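Values quoted throughout were computed directly from the atomic coordinates according to the rules given, and no laboratory measurement underlies them. Everything numeric here is computed off the predicted structure, so don't read it as measured data. Using ideal geometry, Cβ is built from the backbone for each residue, glycine included, and neighbour counts are taken over all protein chains shown.
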Amino acid sequence: MANLTVFPTEERLKTSRRLLIARLKKESSLRAWRALKRLSACSSETDEFCGLLACPVCRARAQKNFADAIESEFSRHAGFLSVTLIPKAGMVPPEDLMKFDLRAFVRSQYRRISKVLPAGHIFVGAVDFSFNMPLPGTLHFSYHVGGLLFGCRGKAWETALRAQYPSVPGVIDRPVRIVHRPSSDLPSMAAYTLKSYHLARSQYLAVPKTSDRNPYRNTRDIAMPRDVDIRLQITHSKYRVCDPLILIGLKRWRTSDPAQFSFGKAGKGHWQR
Ligand SMILES: [Zn+2]
């Protein structure tokens, strides 16, 4: 896991935004032009931020503000669970990226999780995405859910949650990961939940060179092809940095800046954003 307590410098983020703008200028689609216009107007000098999920500056602002807000809200809890959920519906080949509806995916995952969590549980999560190579030569994006669970009691919900996320042989081996964590892990796990970068890695089953070893999961990092990366950025320019959030049992107060977060306990039932 990367060192999540270190946030990139403002200069580095601005350079990433400049590079993205330069690359969008070479694209001819209307969607790329719209993204270019919004990103070009994003500026910390004028305090006018675009708030787009594609913007490196706004994603980093969102990550930092989200981590700070979660830490101040939940630091009194003795511990929590970190949860990763990988649904088959989130597997998207690069050529289908433009058709993927992130908001619909967020809503469907919210429904899946909220229906198995008993009242009193609080889930603070977000849809995350990684670029995977489950088999050599087969690249796809994996949109999945990462989150933190507070106030857990019993085990029945865990069985029900696992039933919502079945494994897919050879593609999704461990669709549900639940890890108990002490409160000291809260700052780093909160920053990891709404991260400002995406992971690109291969996960295919490697054949061992020596016969006495079993086949093993290769998890080395891979470079994302440039054409796939720009397609991802154009796709994500449709969304705001807060759009991946999934909140259950917690309410986010509305703000004009999508990268600002302030939470309050939800009243009856479950809340989303
Ligand atoms: Zn921005």
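Considering only L19, V127, S167, the residue lying farthest towards the positive end of the dipole of the range 10-263 is S167, judged by Cα position with unit charges set on Cβ.
Residues H180, H121 in ascending order of nearby Cβ atoms (within 10 Å, fewest first): H180, H121. Residues of the range 229-260 with the amide nitrogen closer than 19 Å to a label point 7 Å from the Cα of T46, along Cα-to-Cβ, please. Inside the label zone: 256-259. Label-to-label distance for A119 and D227 is 5.4 nm, based on points extended 7 Å past Cα in the beta-carbon direction. Once a ≥ b ≥ c are taken as the square roots of the eigenvalues of the Cα gyration tensor of the range 89-180, is the result rounded (a/c under 1.5), prolate (a/b larger than b/c) or oblate (a/b not larger than b/c)? Prolate is the answer for the range 89-180, as a/c is 1.5 or above and a/b outweighs b/c.
Rounded, prolate or oblate: which fits the range 10-263, taking a ≥ b ≥ c as square roots of the Cα gyration tensor eigenvalues, rounded meaning a/c under 1.5, else prolate when a/b beats b/c? Walk me through the numbers before you get to the answer.
Details: a/c = 1.80, a/b = 1.11, b/c = 1.62.
Oblate, because a/c is 1.5 or more while a/b does not exceed b/c.
3J(HN,Hα) along the range 230-242, derived from phi through the Karplus expression 6.51 cos²θ - 1.76 cosθ + 1.60 where θ = phi - 60°, amounts to 5, 5, 4, 5, 5, 4, 6, 6, 7, 10, 8, 4, 8 Hz, with x in place of Gly and Pro. Going from the residue with the fewest nearby Cβ atoms within 10 Å to the one with the most, R226, R177 rank R226, R177. Taking amide H atoms as placed 1.01 Å from N in the peptide plane, the amide H of R240 lies under 5 Å from those of L53, each 5 or more residues away in sequence or on another chain. Phi angles of the range 38-46 translate, via the Karplus equation with coefficients 6.51, -1.76, 1.60 and θ = phi - 60°, into HN-Hα couplings of 5, 5, 5, 8, 6, 8, 7, 5, 9 Hz per residue; Gly and Pro are given as x.
For the range 20-87, what does the alpha-carbon gyration tensor say about shape, rounded, prolate or oblate, given a ≥ b ≥ c as the root eigenvalues, a/c under 1.5 as rounded, and a/b over b/c as prolate?
Details: a/c = 4.70, a/b = 1.95, b/c = 2.41.
Oblate shape, in that a/c is at least 1.5 and b/c is the bigger or equal ratio.
Assuming charge only on the beta carbon of Lys and Arg (+1) and of Asp and Glu (-1), the dipole of the range 10-263 about its Cα centre is about 420 debye to the nearest 20.
Rounded to the nearest whole Hz, the Karplus-based 3J(HN,Hα) values (6.51 cos²θ - 1.76 cosθ + 1.60, θ = phi - 60°) of the range 59-67 follow the sequence 5, 5, 4, 5, 4, 5, 5, 5, 4, with x at glycine and proline.
Under the simplified labelling scheme, the R162-K251 pair shows an inter-label distance of 3.6 nm, with each label point 7 Å from Cα along Cα→Cβ. A simple spin-label model places pseudo-atoms 7 Å from Cα toward Cβ; at D173 and T138 they are separated by 1.4 nm. Scanning residues 5 or more positions from I246 or on other chains, those with amide H under 5 Å from its amide H are G125, A126, V127, with H placed 1.01 Å from N in the peptide plane.
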